[in-house]
1. I'd like to know if the stretch 119-136 contains one or more residues that are within 17 Å of the chain's Cα centre (by Cα) and at pLDDT 95 or above.
2. Of all residues being of a type in the set (D, E, K, R) and in contact (Cβ under 8 Å) with a residue 24 or more places away in the chain in the stretch 79-101, which is surrounded by the fewest Cβ atoms within 10 Å (Cβ to Cβ)? Just the residue, please.
3. May I ask you to verify whether Asp167 is part of a loop (DSSP other than H, G, I, E, B) and without any contact (Cβ under 8 Å) to a residue 24 or more places away in the chain?
4. Regarding the stretch 209-216, can at least one residue be identified that is in contact (Cβ under 8 Å) with a residue 24 or more places away in the chain, crowded, with 20+ Cβ neighbours inside 10 Å and part of a loop (DSSP other than H, G, I, E, B)?
5. Could you tell me which numbered condition Ile23 fails, if it satisfies all but one of (1) within 20 Å of the chain's Cα centre (by Cα); (2) of a type outside the set (S, T, N, Q); (3) more than 19 Å from Ala334 (Cβ to Cβ)?
6. Of the residues Asn46, Asn35, which is touching a Pro at 6+ places or on another chain (Cβ under 7 Å), touching a residue at least 24 places away in the same chain (Cβ under 8 Å) and not β-branched (Val, Ile, Thr)?
7. Restricting to the stretch 32-50, give me the number of residues that are of a type in the set (D, E, K, R), part of a loop (DSSP other than H, G, I, E, B) and at pLDDT 95 or above.
8. Would you check if there is a residue in the stretch 122-130 being among the acidic types (Asp, Glu), in contact with a Lys or Arg (Cβ under 9 Å, 6 or more places away or on another chain) and crowded, with 18+ Cβ neighbours inside 10 Å?
Amino acid sequence: MTTLSPARAADLDRWDAEARSKIGGLKSRVLRKANGALPYDYIVPNGVYEEQWDWDAFFVGLHLISVDPADGIYLRNWCLNFLHHTEPDGQTPGGIRPWSGRDARLYQIKPLMGQATFYASRALGDFDWVVPVWDKMVLCVTYRERKMSDPATGLVKWWDSMESGADNNVSLVRRYHNSMAGADVNAFMILDYRAMALVAERLGRQKDATEFRAKATRLAAAVNTHLWDEANATYYTYDAVEKTLVRRDTYSNLVALWARLASPERARRMIERHVLEPRKLWSPHGIRSLAADDAQYNNENVLKPYSNWQGPIWPHADWMFMHALLHYGYRDAALDVAERVTRLCLDDLDRNGMMHENYHADTGAPLAAPDFISWNLLAAQMIREARSGIYLPDPDQSLWNL
């Protein structure tokens, strides 16, 4: 990393301290007591939301354990609340409402169950709670492979773009369900398999551990065989119905770098051609969710019927991408991302007394979902992680060092 000037180092110290205090201090507003269809205390995104959502609560849980390992109880509860609604075949909704239960809009939970289990158990120093629910957990984690995979490539798929969380992602929106094998869903799945292998080992289930490691290895090979485009030096989404790659530079492509699936040379080409290129994903305020040279690029303030992933900055996505840059040695760029996103959230709090779920990539203006407190809590630790190179939820980076 380039040596920081005294002035910039002082600024970073100040923004880091403010982020820990002002952003991190909001955590109590996302915690809820067990209620109705949610039998365990849980996490919400504040604002208008009282549901437990899959990746919202997952990312908040990662922030919580980064500050206090005892708060691993909330990631444990995340798992138990979702498993409470798992069907006998493993189908598990991606959202749960306390007043009505399953939210049918998110057909299957994102591939995060194994990771949440590992991080919670590691933080709490307790894996025993997993034993009674292990078989149900395996069914949940493997459902997508069994019911939502492409036989020709071995890739797993999203049910639809809404299930992915990147609601109107241009590489995922299609007229048919269970068709789009994004780099994001496959990357999350690989990390989930690795996490399940680690949990199985701690439970003394060596056969399960071996099988999950093999699943992760096979799927990583499939990603690098079928989703990598050599000519354009990036990963893309594969349309399993049309049998073609969807060549759009979107958020979802970069999740493969977060999972560290690219070789150093592939990563270098992808990062320099797409991530750090201002005409594509690099912006003055972070990393865009869609390339600026895409015909559909926009920064519209949209919340209903979907959130806008066609350009705006999303703090949790940039947190992942900051770590992707760290994975591959781009520490200066990672620090730039951390600083920019942290300042977006702090400026929003200072000017408006709240944070939002996304921000205009060109102006930094806050956009949708006023008073949103969720994954943007990760901005409380971005500068510290970028400067230290330490992944606070798990300093050993266990899922990347298998």
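1. Within the stretch 119-136, one or more residues are within 17 Å of the chain's Cα centre (by Cα) and at pLDDT 95 or above.
2. Restricting to residues being of a type in the set (D, E, K, R) and in contact (Cβ under 8 Å) with a residue 24 or more places away in the chain, the top hit is Asp89.
3. Answer is no for this residue.
4. no
5. (3)
6. Asn35
7. The qualifying residues number 2.
8. Taking every residue of the stretch 122-130 in turn, none turns out to be among the acidic types (Asp, Glu), in contact with a Lys or Arg (Cβ under 9 Å, 6 or more places away or on another chain) and crowded, with 18+ Cβ neighbours inside 10 Å.
The values are calculated or read from the model by the stated rules, or taken from the named source; none is laboratory data. Please read all numbers here as calculations on a predicted model, not as lab measurements. Note: ideal-geometry Cβ built from the backbone for every residue, glycine included; neighbour counts use all protein chains shown.
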